[in-house]
Amino acid sequence: MSDLSNLKPQDYAFDDWRQLHEADPVAFEARRKEALESVIESAPASLQPRLRGLQFRVDMERARAGSDLAACLKAQSMMWDSLHKLRDALAELSDVQRSGALGAVARKQVELRMATVIPFRQASRPASDGQKT
């Protein structure tokens, strides 16, 4: 086995990860967390909370899975669910755009933001010098 101690997480190839997992599962887990944190840290700050939340979900599903295979299948299922949601959203947008309703949707959103301004009537005040206001 080659020395993996001086490699950065992004430098690992699949065989390196596999060898580390077989030789030292604790070190593997530490490197895995380090690699995930590195990826999250490299993302824009606005996306980092969402990525941390997603990683938390994945970690919880892995902990509940009971075996590596079950964890892999659950992660695969989560990815497919996400892909299907994205596909459905794109199909819906495509349908709206094709039907020309996109303009109607945008107009409706503008209408929802608009309000009718009701002018106040000026109260009549008694004139002190004989003039009406």
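Values quoted throughout were computed directly from the atomic coordinates according to the rules given, and no laboratory measurement underlies them. Computed from a prediction, not measured in an experiment: that's the story for all the values here. Here Cβ is always computed from backbone atoms with ideal geometry, including for glycine, and neighbour counts include all displayed protein chains.
Worth pointing out:
- Relative packing of peptides 16-22, 64-70 - highest average C-beta neighbours within 10 Å first: 16-22, 64-70
- Summed residue charge, Cβ within 15 Å of residue 70's Cβ, Lys/Arg positive, Asp/Glu negative: 0
- Fraction in percent of alpha-carbon pairs per bin - 10 Å, the stretch 33-81: 26, 47, 25, 2
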